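First comes the structure, then the notes that go with it.
The values are calculated or read from the model by the stated rules, or taken from the named source; none is laboratory data. Not measured: the values here are computed from a predicted model. Ideal geometry is used to build each Cβ from the backbone, glycine not excepted, and the neighbour counts take in all protein chains shown.
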Amino acid sequence: MFMNSGILASQGLAFGKALLYKEEKIIINYNKISINEVDKEIKRFIDARHKSIVQLKSIVKKANKLFGRKKAIIFEGHILLLEDIELEQEIITLIKKLNFTADAAIFSVMNDQIIALKNINDIYLKERVIDIHDISKRLLHNILELEIIDLSLIKDKIILIAKDLTPSLIAQFDIKVVIGLLTDLGGSTSHTSIIARSLGLPAIVGLGNITSKIKTGDIVILDGINNKFYINPSSDIINEFKLLRRKFFIEKNELKKIKDLTAVTLDGHMVEISVNINKIDDVKNVFSSGAESIGLYRTEFLFMNRSSLPDEEEQFLVYKDIAKRMNNKPIVIRTMDIGGDKYISYLNFPKEENPFLGWRAIRIMMDRKDILYSQIRAILRASYFGKLYIMFPMIISLEEVLFLKKEISKIKIELFNDGYFFDNNIKIGVMIETPSAAIISNHLAKEVDFFSIGTNDLTQYTLAVDRGNDSISHLYNPFSPAVLYLIKRIINYSHIEGKWTSVCGELASDRNAVVLLLGMGLDKFSVNITSVANVKKIIRNTNFFKAKKLVKNVLSESTVEGVMYLLNKFIRKNNILNI
Ligand code: PEP
Ligand code: MG
């Protein structure tokens, strides 16, 4: 079966067995049991608990090996909680005295604990809610004989079929075994897609209900070049795919030759290519990708998949490590951009109708000065060991910039008094990713050292189209004349003030956008590690003078169609995509 109604999130090819990651619904039996069934129900509970402990022991071993002690300890904690004698007594009492089924007793006891903990104002106890929730889910799955898909235990290569690729799902699996991804949800710049691209994982997202169309064990061809996939393909399709794969690898090898060349146009205009990273582990691939620097470090990933805030010392050690490993090459550290589609359980998030318009990024940090201070102190302390820049996301006003700059000055005095060394001239930049920031970029450019355009959010907010909502993904288009107008405006104003601008949104590596951004005078492209060579190829095949002329024409177009027509014509006529 052939299908292609999704959004190509990450290029590449994969061929293999599918693994469907779909959690089965837990249905609890609330009927009262008879006296003769009590022993049987107690045994059901004891057996399910035993099975859960055996599973967890094997996860502890695996987690130790793959992720280290820190992660393994979480599962050891689960075992201790399961072995808790009070918990056992409470569940057995409900079965014996109130004639509950074992599943109803487990659910009731665990749920009471969760409610009680949620009502206590203590961060440590609140964290335990997640653990109890996980244990309760495992116990109930085992007692109801539902399948638990333990991604951490998979050894063979698979194409993962899931509702969405959440950071916590990624944390569970060994990235070497997942060779492709098909999801129900997601848009081209949702974080699912960004993560898939940064992992070099071929992915098609926003497929609606792919989780009900593919079964575990189905053979899948994922053609992430042409945005197609096949379920249980015929031998003809398999042969065609193998040819495509050969061609793809040849092209990939050709690109490898380009990656270390400079990003210079045919007529000698030079730009900088840097990369976006999400975690410290990505640093090892920065130089081998051909990039010169890190244009965006999304620090919020340091705050996710854990149960409490990383303190100043922990952050300092991470930033210092990156600074040293980058050998004095620039690293733009973006302050924590939590909120929107990135959520952390321990921050007491209010219930929001519109999280993308809500408590996000600097809005959180300006309310929670402790978070602002620990992060800025950590970055400043680490700046002594390399070339770090600070960048603030989600700016909407000059007041915010002035406030944040003032806080940085105060922190510098604090650090000086505490006897720390730091880069007193550290560069401070902002992301331009809201229409408001783009419109006042003339004012902002006077106050900061650089801009980085977050085209993922700028497109979302300018067009009022949720970047992760697949049902309106056809409306999400960074080539819209409105977005292009703003990008040009931002670059112009930064240059008027003698500052530089980069694009760190996904648009910077879009094959149709590179010539356009280049012609607009963009100084720096900050792209995924896997896109560096391709972006260099396009730049090296482009004439800057001609690209500037192209921009003039494109900006006078009033429709996306008109823009795309001019871009495609330019790219074809000038052989831009040739190796
Ligand atoms: C952007 O919005 O373009 C950006 C780079 O930031 P993020 O994708 O992390 O929101
Ligand atoms: Mg953004």
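Numbers for the structure displayed
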{"item": "Pick from region 464-491, criterion of a type in the set (D, E, K, R) and either part of a helix (DSSP H, G or I) or not assigned by the TED database to the domain that holds V515 (or both), ranking: nearest to I7 (Cα to Cα)", "result": "D470"}
{"item": "Any hit, region 300-309, residues being away from ligand 1 (no atom under 16 Å from the Cβ) and closer than 23 Å to Y420 by Cα", "result": "yes"}
{"item": "Test: residue in region 386-400 that is more than 17 Å from R298 (Cα to Cα), modelled with pLDDT of 95 or more and within 16 Å of ligand 2 (Cβ to nearest atom)", "result": "yes"}
{"item": "Of the criteria (1) within 16 Å of ligand 2 (Cβ to nearest atom); (2) free of Cβ contacts under 8 Å to residues at least 60 places away in the same chain; (3) closer than 26 Å to N574 by Cα, which one E506 fails", "result": "(2)"}
{"item": "Out of K410, K387, K446, K405, sole residue that is in contact with an Asp or Glu (Cβ under 6 Å, 6 or more places away or on another chain) and not aromatic (F, W, Y)", "result": "K446"}
{"item": "Every residue from region 366-388 that is more than 19 Å from K410 (Cβ to Cβ) and either within 21 Å of the chain's Cα centre (by Cα) or not small (G, A, S) (or both)", "result": "F385, K387"}
{"item": "Region 483-502, residues that are within 16 Å of ligand 1 (Cβ to nearest atom) and either without any contact (Cβ under 8 Å) to a residue 60 or more places away in the chain or in contact with a strand residue (DSSP E or B) (Cβ under 8 Å, 6 or more places away or on another chain) (or both)", "result": "V483, L486, I487, I490, I491, T501, S502"}
{"item": "Subset of region 557-577 (residues that are within 19 Å of T265 (Cα to Cα) and not charged (D, E, K, R))", "result": "L567, N568, F570, I571, N574, N575, I576, L577"}
{"item": "From the options I338, I344, residue that is among the β-branched types (V, I, T), crowded, with 18+ Cβ neighbours inside 10 Å, under 21 Å from the mean Cα position of the chain (by Cα) and within 16 Å of ligand 2 (Cβ to nearest atom)", "result": "I338"}
{"item": "Qualifying positions in region 139-166 - modelled with pLDDT of 80 or more and of a type in the set (G, A, S)", "result": "A162"}
{"item": "Single match in E447, E433 (criterion: within 23 Å of V514 (Cα to Cα) and of a type in the set (D, E))", "result": "E433"}
{"item": "Check on T542, within 16 Å of ligand 2 (Cβ to nearest atom) and either at pLDDT 95 or above or on the phi > 0 side of the Ramachandran plot (or both)", "result": "no"}
{"item": "Residues within region 442-469 that are away from ligand 2 (no atom under 11 Å from the Cβ) and closer than 30 Å to A9 by Cα, tallied", "result": "9"}
{"item": "Matching residues, region 496-521, being touching a Phe, Trp or Tyr at 6+ places or on another chain (Cβ under 9 Å) and among the aliphatic types (A, V, I, L, M)", "result": "V503, L507, A508, A513, V514, V515, L516, L517, L518"}
{"item": "Single residue of region 464-473 satisfying the filter (more than 11 Å from ligand 1 (Cβ to nearest atom) and not charged (D, E, K, R)) that is nearest to the chain's Cα centre (by Cα)", "result": "N469"}
{"item": "S494 being more than 25 Å from T542 (Cβ to Cβ), assigned by the TED database to the domain that holds A382 and in a helix (DSSP H, G or I)", "result": "no"}
